[in-house]
1. Taking only region 5-27 into account, find how many residues are under 12 Å from Phe56 (Cα atoms) and of a type outside the set (Phe, Trp, Tyr).
2. Given (1) of a type in the set (A, V, I, L, M, F, W, C); (2) under 30 Å from Ala113 (Cα atoms); (3) in contact with a Phe, Trp or Tyr (Cβ under 7 Å, 6 or more places away or on another chain), identify the lone condition not met by Ala88.
3. Can you find, within region 54-73, the residue that is modelled with the lowest pLDDT among those that are part of a loop (DSSP other than H, G, I, E, B) and touching a strand residue (DSSP E or B) at 6+ places or on another chain (Cβ under 9 Å)?
4. Quick one: which of Ala40, Ala19, Ala7 is loosely packed, with under 14 Cβ neighbours inside 10 Å and either more than 32 Å from the chain's Cα centre (by Cα) or under 20 Å from Asp72 (Cα atoms) (or both)?
5. I'd like to verify a number: residues in region 43-53 that are part of a loop (DSSP other than H, G, I, E, B) and among the aliphatic types (A, V, I, L, M), how many?
Amino acid sequence: MTRHFVAIGPAQRKCGVVAANYREFLKKCRKKFNLKKHEAIIVTLDDRTEVDKEYFRVLVNGTKLFISKAKDFETVDYIHQLASFLHACLDRQPQLHNKVMSYLQDPISSKQAATLLEVIAKNTYDSIAQTSKDNDPEWFKELDTRFKTKEAVMRNSAETRMRSYLQHTEGELLAKNLPPDSPQKNAILFFKEKLHKSKYNASYFDRSAVLETERLCDSLWNI
């Protein structure tokens, strides 16, 4: 099926391209944008989603496609962007702490101090220390009604996450048909056994866990 596209080349030059398939589209783009045959090119949408032969088949008429030389195409490094953001947050932590403390030391008539104290007052230690749903119903709002204690909520949350991480990892590593004794399958089996033995780390955030090694947090839940 012949379709028409708006192709945008390396120099942001726009051209209309009519093509019946991906191969024909690439051939015409090379000619229109003077790209040599030996130069690898990448086709993307405007959000930098890469378009391959299969994806090209489902594109609609008029789709804008960006043509880049492979050597000039840079994938957005989200990991480093996130790391930079978290690093900036950590760098600001001391300043935020000092600012909060200064507000608390202001006269009670101070607007900032009054607002901060009001927020703190909403999380009273009396309600934080409570465990059951009957004693602290506000804490359980919008949660599954089957949960009767805070410990049950936290255990379920931790276990569900660990199972999800394992399932996602297994799907990524075992996406291809691998031999039974492959390193990937052995690694998955190892972690499955470890997680099963630890009950999927369900007690990580359970303050009622008996052994300290079973939990990561001893603080009261103030959320």
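The values are calculated or read from the model by the stated rules, or taken from the named source; none is laboratory data. The structure displayed is predicted, hence computed values, not measured ones. Ideal geometry is used to build each Cβ from the backbone, glycine not excepted, and the neighbour counts take in all protein chains shown.
1. Count: 6.
2. (3)
3. Of all residues in region 54-73, those part of a loop (DSSP other than H, G, I, E, B) come to 57-63, 73.
Those still in the list that are touching a strand residue (DSSP E or B) at 6+ places or on another chain (Cβ under 9 Å) too: 59-63, 73.
On the way: Leu59: 92, Val60: 91, Asn61: 93, Gly62: 92, Thr63: 94, Phe73: 71.
Residue satisfying both the conditions and the ranking: Phe73.
4. Details: Ala19 fails: loosely packed, with under 14 Cβ neighbours inside 10 Å; Ala7 fails: loosely packed, with under 14 Cβ neighbours inside 10 Å.
One residue alone meets the criteria, Ala40.
5. Qualifying residue count for the region: 2.
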